[in-house]
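Since the structure comes first, as structure tokens, the remarks are kept for the end.
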Amino acid sequence: ALTFVHSEPQPQREAPIHDSADGDELAPPIRIIEAAQIQGGAEQNEGTAINVLARTNHKLKLALATDAIAYLVDVYLGAQAAGAGIARNPTDAGLMMFAQ
């Protein structure tokens, strides 16, 4: 014979968005990586953006290869981005997701 046990559904708890173990601080906001430079030619901008993303790669410990960094510069700031109308600076969260 089967015995059925009825239990009330448990209320859903939202996970707190905290950065520290004691729960005092909120998580830091998403940062925009200022890779694009206003002045200078396209090649200078691309070189500067690659350097900025390379430093960000090292700082955030993303382990992106140099060809991946060049690809990201093209996607966010290069001809590919301009053609799609999405030219903008990347965010730290976007770079972390790509690195995954």
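The values are calculated or read from the model by the stated rules, or taken from the named source; none is laboratory data. Computed from a prediction, not measured in an experiment: that's the story for all the values here. Heads up: the accessible areas ignore ligands, DNA and RNA and are worked out on the full protein's heavy atoms, side chains in. Shrake-Rupley method; radii C 1.70, N 1.55, O 1.52, S 1.80 Å.
Rank LEU62, LEU77 by accessible area, highest first, at a 1.4 Å probe radius?
Ranking LEU62, LEU77 by accessible area, largest first, yields LEU77, LEU62.
In terms of modelled amide H atoms, which long-range or inter-chain residues lie less than 5 Å from the amide H of ILE33?
THR91, ASP92
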